[in-house]
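First up is the structure itself, then whatever we jot down about it.
A short reminder: the numbers here are calculations on the coordinates, not readings from a lab. This one's a predicted model, so the numbers in the text were calculated from it and none came from an experiment. Cβ coordinates were reconstructed from backbone atoms using ideal geometry, including for glycine residues, and neighbour counts include every protein chain displayed.
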Amino acid sequence: MRILIQRVKRARVLVVGQTVSEIGRGLLLLVGVGREDTEGDVLRLARKVVSLRIFEDEHGKMNLDIKQTGGSILSVSQFTLYADTKKGNRPGFEQSADPDTAKDYWQRFNNMLRNEGVEVREGTFAAHMEVELVNDGPVTIWLDSIK
């Protein structure tokens, strides 16, 4: 799994010009599922996302996690995080999971986040989406299931 995390003041997803999900302060997650990922990877990364202390405390130090701030998560499935650009100029996606597996793991990941006590909103799987955000910081973190 690959997750690009962006700390945001607000974010939303539109499909065909209509808002399908939005959050205020929290995290925008772009989530890619790889061909080699396991349920263990999904659980480990869900716990990692919830535990990351990337929000500022009263002293301006990154010391608070998403639950401590009362923030929300907007999770967007994005297979292009597995783009392979080593050969040529057109990316290949052979390392991304097949759509059925990717959707299943992405939904399990989102449910695991919810089970940790975080409000989670979702983009629309396999849809052409417009993602709008106001990045806070900016703070952008990369997580990968590769050990």
(request) Using only C-alpha atoms and all pairs of different ones, pull out the Kirkwood radius for the chain in Å with one decimal. (result) 15.6 Å
(message) Given the -39500 (n - 2.57) contribution per DSSP H run of 4+ residues, what per-residue ellipticity at 222 nm results for the chain, rounded to the nearest 500 deg cm²/dmol?
(response) -7000 deg cm²/dmol
(request) Could you calculate the contour length gain from D100 to T38, that is, 0.36 nm times the residue separation minus the distance between their Cα atoms, to one decimal place in nm? (result) 20.9 nm
(request) Quick one: work out the % antiparallel among DSSP beta bridges in the chain, nearest 5. (result) 75 percent
(request) Enter the Cα centre distance for the pair region 58-80 and region 91-128, rounded to the nearest angstrom. (result) 17 Å
(request) Note the angle between two axes, namely the Cα long axis of helix 99-115 and the longest principal axis of the Cα atoms of the chain, as a number of degrees from 0 to 90, rounded to the nearest 10. (result) 10 degrees
(message) Using the crude model of +1 on Lys and Arg Cβ and -1 on Asp and Glu Cβ, and no other charge, please compute the dipole size for region 15-105 relative to its Cα centre, in debye to 20.
(response) 260 debye
(message) Just to confirm the filter: which GluC sites (Glu not before Pro) across region 100-147 are DSSP coil and have at most 12 other Cβ within 10 angstrom of their Cβ?
(response) none
(message) Spelling out what I want: for every residue of region 119-125, take phi, set θ = phi - 60°, compute 6.51 cos²θ - 1.76 cosθ + 1.60 (Karplus), and round to whole Hz; glycine and proline get x.
(response) 6, 10, 10, 10, x, 10, 4
(request) Working from Cα positions, state the angle (0 to 90°, nearest 10) between the long axis of helix 39-51 and the longest principal axis of the chain. (result) 30 degrees
(message) Beyond a 31 Å Cα-Cα separation, which of these cross-linked pairs lie in this structure: K48/K86; K48/K103; K61/K86?
(response) K61/K86
